[in-house]
1. Give the number of residues within the stretch 52-73 that are surrounded by 15 or more Cβ atoms within 10 Å (Cβ to Cβ) and without any contact (Cβ under 8 Å) to a residue 40 or more places away in the chain.
2. Of all helices (runs of 4 or more DSSP H) completely enclosed by the stretch 141-214, which ones contain at least 2 residues that are among the small types (Gly, Ala, Ser)?
3. What residue, among those in the stretch 130-181 that are surrounded by 15 or more Cβ atoms within 10 Å (Cβ to Cβ) and among the small types (Gly, Ala, Ser), is nearest to Phe22 (Cα to Cα)?
4. Looking only at residues in the stretch 76-97 that are more than 22 Å from Phe108 (Cβ to Cβ) and crowded, with 17+ Cβ neighbours inside 10 Å, which one is modelled with the highest pLDDT?
5. With Leu95, Leu105, Leu114 as the choices, which residue is in a helix (DSSP H, G or I), in contact (Cβ under 8 Å) with a residue 12 or more places away in the chain and within 12 Å of Pro29 (Cα to Cα)?
6. Can you find a residue in the stretch 61-75 that is among the hydroxyl-bearing types (Ser, Thr, Tyr) and either assigned to a helix (DSSP H, G or I) or modelled with pLDDT of 85 or more (or both)?
7. Output the residues belonging to the stretch 12-35 that are over 21 Å from Ile158 (Cα atoms), not aliphatic (A, V, I, L, M) and not in a helix (DSSP H, G or I).
Amino acid sequence: MSVTAVVFSTIFNMDLKTYAIFLFAGMIPFSYFSTSVVQSGQSFIQNESLLKKIYVPKLLFPLGVSVALLIDSLLTFVALFLIVVVIGGKISFALIFVPFAYLLLFLFTFGVALVMSVSTVYSRDLQHIVGILMQALLFLSPVFYKPDALQGKVAWLISLNPLTQFIDLFRTPIYSGEFPSLTTVLISMALAATSVFVGLWFFAKHENKVAFRL
């Protein structure tokens with residue numbers, strides 16, 4: 001991430017210290033989403049022998065992955081916070097919003113993870129495809145750049161990316177020292193609620209077929 005900060009700060013002609021905080025604040029939510037979706041897609045396959053031997057509530061597997069990675073992300077945030085303090089970033093009252101941002105991100109990610117965990121059972125090659133798609137999604141998300149720096153069809157495409165809203169939930173208090181806009185918060189809440197609802201519905205519909213498909 002340090003190498004990335006040096007390279008992209010040069011490309012975008014930004015101060016290294018400022019861009020490092022900008023980049024770290026964007027990488028935290030994206031990394032959590034990406035890693036959770038990829039690893040949740042492998043959760044049933046990696047525990048295939050256990051699922052075929054005894055009854056275990058299947059929801060625990062993607063949930064365990066999501067919670068474990070959430071704890072890892074929180075520790076990453078602590079490290080980021082220390083870095084921000086050392087290099088002289090903005091420490092503001094708006095940082096109290098970060099736990100709520102994590103809650104919304106967790107709900108949105110968990111919904112997607114539930115769909116992915118079941119879908120991978122039906123198509124095992126999907127776990128490899130998703131890894132590649134996440135690399136593409138990284139560049140289609142405003143992690144390295146600001147959304148308003150783009151124009152035309154590309155800007156429109158980035159605006160449709162739901163992760164844009166969640167990245168803003170983190171970046172605004174960490175980088176700008178301000179609370180996210182009400183519009184961003186409401187859109188993120190709607191996305192999180194929809195994701196959890198669809199994920200739980202999809203999971204409940206296919207849960208009993210998982211053991212037979214493994």
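The values are calculated or read from the model by the stated rules, or taken from the named source; none is laboratory data. Only a predicted model underlies this, so the values are computations on that prediction, with no experimental measurement involved. All Cβ positions, glycine included, derive from the backbone under ideal geometry; neighbour counts span all protein chains shown.
1. Adding up the residues that qualify gives 2.
2. 152-160, 182-206
3. Step by step, filter the stretch 130-181, then rank; the result is Ser176.
4. Val84
5. Answer to the selection: Leu105.
6. Yes, the stretch 61-75 contains a residue that is among the hydroxyl-bearing types (Ser, Thr, Tyr) and either assigned to a helix (DSSP H, G or I) or modelled with pLDDT of 85 or more (or both).
7. Hits for the stretch 12-35 are Asn13, Asp15.
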